[in-house]
Amino acid sequence: MASQAHLDDLCPVSSRNARKLCVVLTVVDSSADQRYISTMRQFVRREGAPLAAQRIQFAYMFVDKQKEFILPFLEGLPKEEQSSQGAKRDVVVVWRLEHSRARFAWLRGVWDATETSLNASGEELKKRLDEILRGTSKLDYQAALVTLTDEFRPSLFTRISRAAMRMGETAWFHLSKEEALPVLSAVGTFLVILLIGYGLNYAAISEERTHSARQEKRKATTGNGDDQWHPEDPRTGPQRNPSARSTASIRERRIMREMTPLMHELRAETYFGMIRLLKPGCRSIVVLVDEQSKDILLPQFAKHVWPIRNNKTFSFGYLMVEKNLPWFRKLLEYTLPVENPESTDQGEGGSVEKSPAGKVAASLYERLKSINPRKTLGTVLVLCGWKLYFNMYHPMHTAARRKNFLGFDDDGEEESSSEDSDSEKATHEEVQALRKGYQLKLEDVLNGLPNWLDRLFEGSIRRYYIPEWPDNLK
């Protein structure tokens, strides 16, 4: 008995008047037990005909494969009869009362496999069966029948494969091209989405692992596992480096390493991303450098803007003056006063005389044409692309009471007080020295940027509104 179909065929449900008995030899699926099955077959060939007339069927069962089926029979036996099998095998006589309930008799050690004891085992089995048929020996025990495991059932993979093949054949014969394409498109889209999701997840995990490895390497290099490092942290430096200059150099390198991916060159390719397409409330902070001063000014600029690197409303960059000086000049020209036609005077002979404001604007316009690129190094522009305005920092640039002064030339008037300066470092004397032809050192032009940034966040820095952004970047 290897399946439920075999059980229903060999041991059908029968009534008391015409009951059918099923004699089951209990063996295991091994070569050692094959001899018990062979001797049982010999017995059935010799004695099976008269017993079949009395509605008795013979079968064998591998109990190691049908444990769930045989377990209720063992639980129905007394404990003294549940001993393990020895050299002989047990036989179970089953009378199936209902589809899920049966009465049975467990014949302990009644069958032997040796040729010499074959006749004795056969006679003993016939004697016990005759007693059951005459009623002198009763089927005293009951058991609930469990569905037999199909031993010839295909594996799960085989069943899935066959079902898929049947579905494919059915779809091939019954679906048209117009009906199949939407389904294939939906399935393909779903697979592509799964593939993309898996790829993104794999990329995120790889990036996280790379970042973790980089952090571990950094910890091993610096000897300090504090992720919330700050350049002014008093705990850093003295323990590792006795020299203050060496400590400052290490801090600058660490800041530059963190800020380099955040700083982009302002050029034609990045013009829209850094200016024109900025979201409302976002601004770009750009420093003017050239090839000679880039290595000096960019580390200083990075150090000053490092505290606001996590502010999502700011982006950082630099402008190469030798390439884009015309763009900077055009930006400054937009801030010059526009001459009012009504302010012109009609002179003698019909000539038109410019007003004083117009003369100043024309003079500044001419001076901007000859602007010295070296004087613009270290200038910091804060560009608000959405509202069309910018703020400007430079040691020579003062928040003067004169609205049109840009800080690049001397107009001969009295200087404003040092309290109006955009920088603490750009003092009144420094501006005087610059305008007399003496230049500040290149390393000192950004000294006043931190104080200027504080005033920028307070909103006290002047805004220069322009009609449009110049588009002549290279």
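The values are calculated or read from the model by the stated rules, or taken from the named source; none is laboratory data. Please read all numbers here as calculations on a predicted model, not as lab measurements. Using ideal geometry, Cβ is built from the backbone for each residue, glycine included, and neighbour counts are taken over all protein chains shown.
The table below gives the values:
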read-out	value
Contacts under 7 angstrom Cβ, first residue in segment 1-24 being without any contact (Cβ under 8 Å) to a residue 60 or more places away in the chain, partner of a type in the set (S, T, N, Q), 6 or more apart	Leu10/Gln57
Residue in segment 126-134 that is surrounded by fewer than 12 Cβ atoms within 10 Å (Cβ to Cβ) and within 60 Å of the chain's Cα centre (by Cα) present	no
Pick from segment 137-155, criterion not in a loop (DSSP other than H, G, I, E, B) and not aromatic (Phe, Trp, Tyr), ranking: farthest from Ser3 (Cα to Cα)	Gln142
Those residues of segment 95-113 which are free of Cβ contacts under 8 Å to residues at least 24 places away in the same chain and part of a loop (DSSP other than H, G, I, E, B), in sequence order	none
Hits in segment 247-297 (condition: outside any loop (DSSP other than H, G, I, E, B), in contact with a helix residue (DSSP H, G or I) (Cβ under 7 Å, 6 or more places away or on another chain) and of a type in the set (Ser, Thr, Tyr))	Ser284
Met61, sole failed condition from (1) within 15 Å of Glu151 (Cβ to Cβ); (2) in a loop (DSSP other than H, G, I, E, B)	(2)
Qualifying residue in segment 258-281 (condition: modelled with pLDDT under 90, among the β-branched types (Val, Ile, Thr) and surrounded by 11 or more Cβ atoms within 10 Å (Cβ to Cβ))	no
Residues of segment 358-382 satisfying the condition of being at pLDDT below 85 and either surrounded by fewer than 16 Cβ atoms within 10 Å (Cβ to Cβ) or at positive phi (or both)	Lys359, Ala362, Ser363, Tyr365, Glu366, Arg367, Lys369, Ser370
Neighbours by Cβ (under 7 Å, 6+ apart or cross-chain): first from segment 156-177, on the phi > 0 side of the Ramachandran plot and part of a loop (DSSP other than H, G, I, E, B); second modelled with pLDDT of 85 or more and surrounded by 10 or more Cβ atoms within 10 Å (Cβ to Cβ)	none
Matching entry among Ala49, Ala32, Ala53, Ala120 (being within 60 Å of the chain's Cα centre (by Cα), assigned by the TED database to the domain that holds Pro12 and without any contact (Cβ under 8 Å) to a residue 12 or more places away in the chain)	Ala32
Tyr36 being aromatic (Phe, Trp, Tyr), surrounded by 14 or more Cβ atoms within 10 Å (Cβ to Cβ) and in a helix (DSSP H, G or I)	yes
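Residues checked against (1) modelled with pLDDT under 85; (2) of a type in the set (D, E, K, R); (3) more than 24 Å from the chain's Cα centre (by Cα):
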position: Glu151; (1), (2), (3): no, yes, yes
position: Thr158; (1), (2), (3): no, no, yes
position: Ser161; (1), (2), (3): no, no, yes
position: Phe190; (1), (2), (3): no, no, no
position: Tyr198; (1), (2), (3): no, no, no
position: Asp226; (1), (2), (3): yes, yes, yes
position: Ser243; (1), (2), (3): yes, no, yes
position: Ala248; (1), (2), (3): yes, no, yes
position: Arg253; (1), (2), (3): no, yes, yes
